[in-house]
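The values are calculated or read from the model by the stated rules, or taken from the named source; none is laboratory data. Please read all numbers here as calculations on a predicted model, not as lab measurements. Cβ sites come from the backbone with ideal geometry, for glycine too, and all protein chains shown count toward neighbours. For accessibility, only protein heavy atoms count, side chains too; no ligands or nucleic acids. Shrake-Rupley method; radii C 1.70, N 1.55, O 1.52, S 1.80 Å.
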Amino acid sequence: MMEGALAQNKELDPFTWFYPEQIDALKALWKAIHEGCDVPYEAPVEQWAYDKFAASGKFQGFMNHFHCSKKKIDCGGLDIQKLLGELK
């Protein structure tokens, strides 16, 4: 269970979290996209909420759904910056 996750800078109710294998698969996907499409290992500056630049369509990197919509909370708690740092 994930507790204390943030999205839109608000704490979410506890919810079922990703299995380690899912996180590993996500990192493998990001690596393939990075290598195949030259997408940089970058995340939006605003870590836990809507990011105006990410939503503009000009951002190049990886983001959660909530970065591009104020109405979204998925994938709250997923620390993209930390995970991308593990790939660099």
What nm distance separates the two modelled labels at residue 52 and residue 72, each placed 7 Å from Cα along Cα→Cβ?
2.0 nm
Under 16 Å from residue 88, Cα to Cα: lysines that are on another chain or at least 8 residues apart:
27, 31
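Can you pull the percent of the range 19-58's accessible area that's carbon plus sulfur, 1.4 Å probe, other chains left in place?
On the way: 1590 of 2780 Å².
Roughly 57 percent, rounded to a whole number.
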Net charge around residue 65, counting only other residues with Cβ within less than 12 Å of its Cβ (Lys, Arg = +1; Asp, Glu = -1)?
+1
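Using the heavy atoms of the protein chains and a 1.4 angstrom probe, tell me the accessible area per residue for the range 7-88 in square angstrom.
On the way: 5450 Å² over 82 residues.
For the range 7-88, the solvent-accessible area averages 66 Å² per residue.
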Say we join alpha carbon atoms closer than 10 Å with springs in a Gaussian network model of the chain; which of 76, 36, 61 then has the biggest fluctuation?
36
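Around residue 46, under 15 Å between beta carbons, what's the net of Lys plus Arg minus Asp minus Glu among the other residues? Let's see the in-between values first.
Values: positive: 10, 52, 58, 70, 72; negative: 42, 51, 79.
Combined, the nearby Lys, Arg, Asp and Glu give +2.
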List, in order, the whole-Hz ³J(HN,Hα) value for each residue of the range 52-60 obtained from phi through the Karplus relation with A = 6.51, B = -1.76, C = 1.60 and θ = phi - 60°; use x for Gly and Pro.
4, 5, 4, 6, 5, x, 9, 5, 10
How high is the relative contact order of the chain, given as a whole-number percent (alpha carbon pairs under 8 Å, six or more residues apart)?
30 percent
The chain, Kirkwood Rh and Cα Rg, ratio Rg/Rh at 0.96
If unit charges are put on Cβ atoms (+1 for Lys and Arg, -1 for Asp and Glu) and the dipole of the chain is taken about its Cα centre, the option from 40, 87, 4 lying farthest towards the positive end turns out to be 40
Around residue 88 (Cβ within 12 Å, Cβ-to-Cβ, excluding residue 88; K/R +1, D/E -1) the net charge comes to +1
